[in-house]
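Chemist: Take this structure first; my questions come after.
Computed from the coordinates by the stated procedures, all read-outs in this text should not be read as laboratory data. Small disclaimer: the values here were computed from a predicted structure and weren't measured. In this analysis, Cβ positions are derived from the backbone assuming ideal geometry, glycine residues included, and neighbour counts consider all displayed protein chains.
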Amino acid sequence: MQRRKFLKKSAIGTAGILSTPLATSCKENTPPTTTIDTSEAVKPIVIATWNVPNSTSKAWDVLNAGGNSLDAVEKGVMEEEADVSNQSVGKGGRPDRDGNVTLDACIMDKYGNCGSVVYLQNVTHAVSVARKVMEDTPHVILAGKGAEQFAYEKGFPKENLLTEKSKREWLEWKKTSQYEPIINIENHDTIGMLAIDENGDISGACTTSGMAYKIGGRVGDSPIIGAGLFVDNEIGAATATGVGEKVLKTLGSFLIVELMRQGKSPQEACEEAVNRIVTKDKDYKNFQIGYIAINKKGETGSYCVQPGFTYRKYSKNEHKNVPSGSFITS
Ligand code: SD4
């Protein structure tokens with residue numbers, strides 16, 4: 001009330017001094033917002049990059065029991081972090097070129113709060129450390145030794161993340177030391193997960209061990225809010241997998257949410273985000289990027305550069321692996 005009176009007064013008081021546009025800009029303008037009709041919304045629902053039925057089932061159990069989307073995405077991606085057979089996430093992840101397994105992860109809630117860890121070593125559940133950063137600190141990102149120390153203080157156990165299998169493969173790789181990410185195979189299983197709970201609230205998480213045999217210290221898109229993940233509870237959410245450097249240059253997940261805000265469907269928004277990359281990057285035939293997105297109605301979409309990317313979807317209607325459309329079709 002006080003503030004409105006003041007604005008009114010000052011507008012009158014400065015009439016004749018200020019030009020009209022500036023005086024107008026002092027008013028409390030409400031920016032236009034997109035209103036999405038959620039009366040027919042599909043909820044709860046969870047989607048995740050790649051074919052990860054254990055993760056989506058875990059998240060579904062949380063959602064189906066009336067749990068919230070933040071718990072669902074955390075519990076969901078923890079499955080992959082703990083699964084040593086997934087060599088792109090958590091324990092068992094492929095190391096960097098020096099033999100160190102380093103994890104990147106982030107999480108984002110319905111309020112727009114977020115937490116992230118980058119270059120985290122010796123702790124399996126990077127996503128849970130990211131959640132602690134979000135909930136227990138005034139910060140958004142913790143890196144390296146600081147993140148590791150923080151995790152121990154929060155009670156996370158110290159573990160060796162380099163399995164015998166990943167170690168053997170790394171030693172074999174060292175014979176040539178060629179850094180050549182292989183499309184859809186060797187280092188693309190990062191899990192990005194988006195969920196809407198019964199209340200219609202959206203959360204997301206993303207976790208990875210990054211590109212295999214990367215230079216020590218390298219951080220990808222997955223823990224960077226806006227690149228590997230973005231959530232806006234009024235609009236929707238998006239997450240990415242693939243060569244993080246390409247996603248970082250275009251802030252793909254933020255872009256997709258903003259495109260949905262402008263009225264695009266999740267599918268159209270994912271396609272536009274891939275187009276932004278391939279139209280500028282002549283090398284696009286040699287890398288994979290996959291995006292998935294969801295809007296407030298529970299509509300989903302996905303798009304990628306190369307054929308072969310799929311995403312997993314779980315709602316009361318279906319639990320299935322959905323093949324993604326791709327820019328290159330064969
Ligand atoms: C990264 N985007 O570190 C991750 C890698 C990835 O499936 O998606 N792997 O660049």
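Chemist: Using every pair of alpha-carbon atoms in the chain, split the distances into 20 Å bins beginning at 0 and state the percent of pairs per bin, rounded to integers.
Modeler: All Cα pairs, binned at 20 Å, distribute as 33, 51, 14, 2 percent.
Chemist: Still on this structure: Where Lys and Arg each count +1 and Asp and Glu each count -1, what net charge lies around ARG131 among other residues with Cβ under 14 Å from its Cβ? Can you show the working numbers first?
Modeler: On the way: positive: LYS75, LYS110, LYS132, LYS154; negative: ASP71, GLU74, GLU81, ASP109, GLU135, ASP136.
Value of the local net charge: -2.
Chemist: Which log10 I(q)/I(0) values does the stretch 46-181 give at q = 0.20 Å⁻¹ under the Debye formula, counting every alpha carbon as one identical point scatterer?
Modeler: Taking Cα atoms of the stretch 46-181 as identical point scatterers yields -1.18.
Chemist: In the stretch 79-122, whose amide N lies under 15 Å from the spot 7 Å out along Cα-to-Cβ of ILE215? List them in ranges.
Modeler: Answer for the stretch 79-122: 96-98.
Chemist: What does the charge add up to near ASN86, with Lys and Arg as +1, Asp and Glu as -1, over the other residues with Cβ less than 10 Å from its Cβ? Walk me through the intermediate numbers first.
Modeler: Working: positive: LYS91; negative: GLU79, GLU80, GLU81, ASP83, ASP189.
Within the 10 Å Cβ shell, the charges total -4.
Chemist: Among LEU255, LEU194, LEU120, rank each residue by its count of other Cβ atoms within 10 Å, from fewest to most, as a rough exposure measure.
Modeler: Details: LEU255 21, LEU194 34, LEU120 30.
Placing the least packed residue first, the sequence is LEU255, LEU120, LEU194.
Chemist: Now, a different point. Would you calculate a helix-derived [θ] at 222 nm for the chain, using -39,500 (n - 2.57) for each DSSP H run of n ≥ 4 and dividing by the full residue count, to the nearest 500? Each step should come with its number before you reach the end.
Modeler: On the way: 10 runs with 105 residues, N = 330.
Mean residue ellipticity at 222 nm (helix-derived): -9500 deg cm²/dmol.
Chemist: Still on this model: GNM on the chain, C-alpha springs below 10 Å: top fluctuator among GLU180, GLU172, GLU268?
Modeler: Result for the chain, Cα springs under 10 Å: GLU172 fluctuates most.
Chemist: Taking other Cβ within 10 Å of each residue's Cβ, how do TYR284, TYR119, TYR152, TYR303 sort, fewest first? Don't skip to the end; give the middle numbers.
Modeler: Numbers: TYR284 18, TYR119 22, TYR152 13, TYR303 25.
Fewest to most other Cβ atoms nearby, the residues stand as TYR152, TYR284, TYR119, TYR303.
Chemist: Given 0.36 nm per residue, what is the gain on full extension from ASP61 to GLN149 after removing their alpha carbon distance, in nm? Intermediate values should be presented prior to the final figure.
Modeler: On the way: separation 88, 0.36 × 88 = 31.68 nm, distance 3.19 nm.
Separation in residues times 0.36 nm, less the Cα-Cα distance, equals 28.5 nm.
Chemist: Count the net charge of all other residues whose Cβ sits under 12 Å from the Cβ of LYS316, scoring Lys and Arg as +1 and Asp and Glu as -1. Could you put the intermediate results ahead of the total?
Modeler: Working: positive: LYS43, LYS313; negative: GLU198, GLU318.
With Lys, Arg at +1 and Asp, Glu at -1, the neighbours total 0.
Chemist: In addition: Please report, in whole Å, how far the alpha carbons of the stretch 224-314 spread along each principal axis, starting with the longest.
Modeler: So the extents along the principal axes, rounded to whole Å, are 35, 24, 21.
Chemist: When only C-alpha pairs under 8 Å and at least 6 residues apart count, what is the relative contact order of the chain, in percent? Don't jump to the answer; show the numbers that get you there.
Modeler: Working: 823 pairs, mean separation 67.6, N = 330.
About 20 percent, as a whole number.
Chemist: Quick one: order THR300, THR137 by neighbouring beta-carbon count within 10 Å, fewest to most. If you can, show how the numbers build up before the last one.
Modeler: Values: THR300 22, THR137 12.
So the residues, fewest neighbours to most, are THR137, THR300.
Chemist: Which of the trypsin sites (Lys or Arg not before Pro) found in the stretch 235-290 are loop residues per DSSP with 12 or fewer other Cβ atoms within 10 Å of their Cβ? Could the numbers behind the result be given before it?
Modeler: Working: sites: LYS246, LYS249, ARG261, LYS264, ARG276, LYS280, LYS282, LYS285; in loops: LYS249, LYS264, LYS282.
In loop regions of the stretch 235-290 (DSSP not H, G, I, E or B), the sparsely surrounded trypsin sites (Lys or Arg not before Pro) are LYS282.
Chemist: What nm distance separates the two modelled labels at ASP136 and SER330, each placed 7 Å from Cα along Cα→Cβ?
Modeler: Between ASP136 and SER330, the label points sit 5.5 nm apart.
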